[in-house]
1. Determine the per residue accessible area of the stretch 99-203 with all protein chains present and a 1.4 angstrom probe, expressed in square angstrom.
2. Order 283, 316, most accessible first, counting only protein heavy atoms with a 1.4 angstrom probe.
3. Just check the stretch 400-441 against the gyration tensor rule for me: Cα atoms, a ≥ b ≥ c as the square roots of the eigenvalues, rounded for a/c under 1.5, and otherwise prolate or oblate depending on whether a/b exceeds b/c.
4. Among 2-10, 114-122, 51-59, how do they line up from the highest to the lowest mean number of other beta-carbon atoms within 10 Å?
5. In nm, what is the difference between 0.36 nm times the number of residues separating residue 144 and residue 125 and their Cα-Cα distance?
6. With the other protein chains left in place, how much accessible area per residue, in square angstrom, belongs to the stretch 370-430 at a 1.4 angstrom probe?
7. Accessible area of the chain with a 1.4 Å probe: how many percent of it is carbon plus sulfur?
8. Once you list every other residue whose beta carbon is under 9 Å from the beta carbon of residue 339, what net charge do they have if Lys and Arg are +1 and Asp and Glu are -1?
Amino acid sequence: MNKKVRVRFAPSPTGPLHPGGVRTALFNYFFAKKHGGDFILRVEDTDQTRFVPGAEQFIVESLQWCGIQFDEGVHIGGQYGPYRQSERKPMYRQFAEQLIQNGSAYYAFDTPEELEEMKENLKAAKVASPQYNAITRVNMKNSLTLPQDEVQRRLDSGESYVIRFKMPRNEEVRFKDIVRGWVVFNSGQLDDKVLLKSDGMPTYHLANVVDDYSMHISHVIRGEEWLSSTPLHVLLYKNLGWENEMPEFAHLPLLLKPDGDGKLSKRDGDRLGLPFYAINWTDPETGKTTLGYRETGYLPEAYVNFLALLGWNPGDNREIFSLEELVQEFSIERVNKHGARYDFDKLKWFNQQYLRHLSDDQLAEKVTPILSENGIDQSNEFIQEVCRLMKERWSFIQDVWPSTKFFFHDPTSFDEQVVSKKWKDQVPTLIDQIQLGFQKIEHWDALSIENSLKETCAAHGVGTGVVLQALRLTVSGEGAGPAMFEMCALFGKEKVIQRIQFALKTLNG
Ligand code: GLU
């Protein structure tokens, strides 16, 4: 690579950022950082009719949560700003006019009614996809069909017009896509896209190409849905005389529904009752909030790892990668062409893996704020030990509080099902004997507790299986939980005995 790598993520603020958008941003980021390049956030807001308030902030915050950082962008500025296309509006007209000068674009004065009429006529003539193109333009009102003086008169009188690209009638347009190899389109399939709208705002196509050029973008890495726009972009580079500066293209595969049947959509998350966006999204129109992964207790590291493997693989069967490792390992040549299934269960699995693989002190750091919210103030040492005992049982940070309450509050009630199944016959008496045995323990640790319990059971001629669950019930109020002797060791002798005595009183009374 001889050019300095500069890539951009260029979302349109038309709604909440879709997982496919997050994945595109990630791949751009990995690629930029791997090659010591720059990563830019450019907001493509030229379509004012689709503008959604809050969407830009949502995009920035979602990516911040993922832990990726930009070198330049709408929120941080930079040498090639402004980075919001609406603020660059005056820059684009000159390029549209340059294209008119060299014969590759033209003024079009057609009214919406005239455009509608053309479409109706073409439909009536059984044209499959009626469009403004090399064939139909000859019957329309534009600077290619009207006499030059009339064109001038219309322009001078301030009549409304757009500038359209003059798509060649029958030309092969080819470009090399890093993911797909050579891609060939025939220009006959393409229409005369509007480049500059009647309000002077560029369309996506013109703004995108002008900005990629003027921001020195070296690689355009974007979703597959933009592949069909690329021939037009290639022609724009050529006709603007920028062919040598044209970026390389890489179109990323689509994200598919969990069953692989069609494009992923928010409804797939809704159907499963699962979050879909990185963070909470509140629709500015309805005020309705859709839960995000952040708020549901997913770890950003797990989310990033999951997305990284949608359409890319490391070439072997490794699956767990930190952000730094992804930057090291990523190669755009290993991105594949076929769509990637968005498997919500796999995302959950990643989250579990990350929770389990965090060290006790890393996990304690995440757990402490949740405990504080619930009024718990415990030593870091105690919390770390709770994490060690419990992490195998958590899939989400949100599981922490409901599953650990009993570590911090003495139980006041006891799981009724376990009571009715296990609290019978000689069990209450045995539990009482066990706590008497516990009172004699000098070194309160898991092994001594276990031994003491075994001794008491042996003395009464029963196996420990008879009392284990009942004992857990007295200490935690629940029938299941972490390794019991270790849990008792953590509580300390006094608390364990006090809890057992309280349970005996409550359950026997
Ligand atoms: N604004 C386009 C989008 O919303 C950008 C496509 C591109 O990266 O060129 O995805």
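1. 56
2. Order by accessible area, largest first: 316, 283.
3. Because a/c hits 1.5 or more and a/b fails to exceed b/c, the stretch 400-441 counts as oblate.
4. My ranking of the peptides, most packed first, is 2-10, 51-59, 114-122.
5. This chain segment gains 4.5 nm when fully extended.
6. 57
7. 47
8. +2
The values are calculated or read from the model by the stated rules, or taken from the named source; none is laboratory data. Since the model is a prediction, treat every value here as computed from it, not as a measurement. Don't worry about glycine lacking a Cβ; one is built from the backbone with ideal geometry, like all the others, and counts go over all protein chains shown. With ligands, DNA and RNA removed, areas are computed over all heavy atoms of the protein, side chains included. Shrake-Rupley method; radii C 1.70, N 1.55, O 1.52, S 1.80 Å.
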